[in-house]
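Peer 1: Before I ask anything, let me first share the structure, which is written out below as structure tokens.
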Amino acid sequence: MVPRLDSNQRILLISDMHIGDGSKMEGFQNKDELLLDFLRFAEHYADTVIIAGDGLDVCQAWSLKRIYRAHRSLMEAMNRLAQRIPVYYIQGNHNDLPKDLVTYFPFEYHPALWIGDKIYIEHGHQYDPYCQPGNTKSERLVKIHALLERLAGVPLRIPMRKYYGWNTRIGHWLFYRYGQWQWLRAQRFLRRGQPERAQVCFDFLDYFGRGEWGELNINLRAIHDALIAAPYEVLICGHSHQAGKVRFPGGLYINSGSWTFDEATFVDLDHGAIDVKSWPSLHCFGDEEYRGILGPHPGVGT
């Protein structure tokens, strides 16, 4: 049974802080003071706080104990906040399991939440074709990715516009060659009369290409379909680290963004009004992070 919160209140929602072991390649980048300021703001401003998954990155840090040691003041502040106002935690895909977290934090743990009758909240990996809940292969890949970043000492991520550097240039060259190989494999499968195996190769090319153009985790199609079929009107997720608001025919998709690298974003739900904001500037996001895939594209076709 998914809990239903009262919509007639102030709710602050954050996700994807990826607080890790405090090392150089921790996604959170040691923004302890910044998040502490946000938690102090939340305590006085909000009636409820929601952490929509991947708050603590066990895949990167290897254990909650290491995270707690690296960020003790922040962990204690999160604990105190949960003793003063309700804090709900939705499980993500970076091994932040409720059975482990309950030892450290008096949060309320749920796989999803309702706010009133119109708003539904999940972490968002449910819509990622390569990161479905319970997919042990994707969990291994997440850990391997964290290890590679630790060894390289630089972020190995897409899109290039956000993580431009020697590492992404090399990564793109390698993925370009890998993509060529996938295309050749697909042609071979088609000649053999194996269209299903060919489609797997084409799906990878689509996943990587669309991610570069503004659809990280290639989840918009699934979210669009969910909004048309579901009883809710607003779907709030994290997971893709792509803050914004996207209007589909079936409803409104809200992404809470992340607190990784140079980002710090949150969702402000104030008695039914919903904004996605950066901290501490309080700049509001629209769909600008998604226009590479959604459009409009000035100059195209003119």
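Peer 1: V49 passes all but one of (1) more than 18 Å from the chain's Cα centre (by Cα); (2) in a strand (DSSP E or B); (3) aliphatic (A, V, I, L, M); which number fails?
Peer 2: Here V49 clears every test but (1).
Peer 1: Another one. Among residues belonging to segment 2-46 that are in a loop (DSSP other than H, G, I, E, B), among the hydroxyl-bearing types (S, T, Y) and open to solvent by 20 Å² or more (accessible area, probe 1.4 Å), point out the one that is farthest from I67 (Cα to Cα). Break it down stepwise before answering.
Peer 2: To start, the set of residues in segment 2-46 that are in a loop (DSSP other than H, G, I, E, B) comprises 2-3, 6-9, 15-18, 20-31, 46.
Restricting the remaining residues to those that are among the hydroxyl-bearing types (S, T, Y) gives 7, 15, 23.
From the residues that got through so far, the ones that are open to solvent by 20 Å² or more (accessible area, probe 1.4 Å) too are 7, 23.
On the way: S7: 33, S23: 10 Å.
Among residues in segment 2-46 that are in a loop (DSSP other than H, G, I, E, B), among the hydroxyl-bearing types (S, T, Y) and open to solvent by 20 Å² or more (accessible area, probe 1.4 Å), the one farthest from I67 (Cα to Cα) is S7.
Peer 1: V49 - would you say it is open to solvent by 10 Å² or more (accessible area, probe 1.4 Å), in the same structural domain as H18 (by the TED database), in contact with a Leu (Cβ under 7 Å, 6 or more places away or on another chain) and not small (G, A, S)? Spell out how you get there, then give the answer.
Peer 2: Values: open to solvent by 10 Å² or more (accessible area, probe 1.4 Å): no; in the same structural domain as H18 (by the TED database): yes; in contact with a Leu (Cβ under 7 Å, 6 or more places away or on another chain): yes; not small (G, A, S): yes.
No.
Peer 1: Which residues, counting only those in segment 266-285, are touching a residue at least 60 places away in the same chain (Cβ under 8 Å) and over 17 Å from L5 (Cβ atoms)?
Peer 2: Hits for segment 266-285 are W279, P280.
The values are calculated or read from the model by the stated rules, or taken from the named source; none is laboratory data. All values reported here derive from a predicted model rather than from experimental measurement. Cβ: placed from backbone, ideal geometry, glycine included. Neighbour counts: every protein chain shown. For the accessible areas, the whole protein counts, side chains as well, though only heavy atoms, and no ligand, DNA or RNA atoms are used. Shrake-Rupley method; radii C 1.70, N 1.55, O 1.52, S 1.80 Å.
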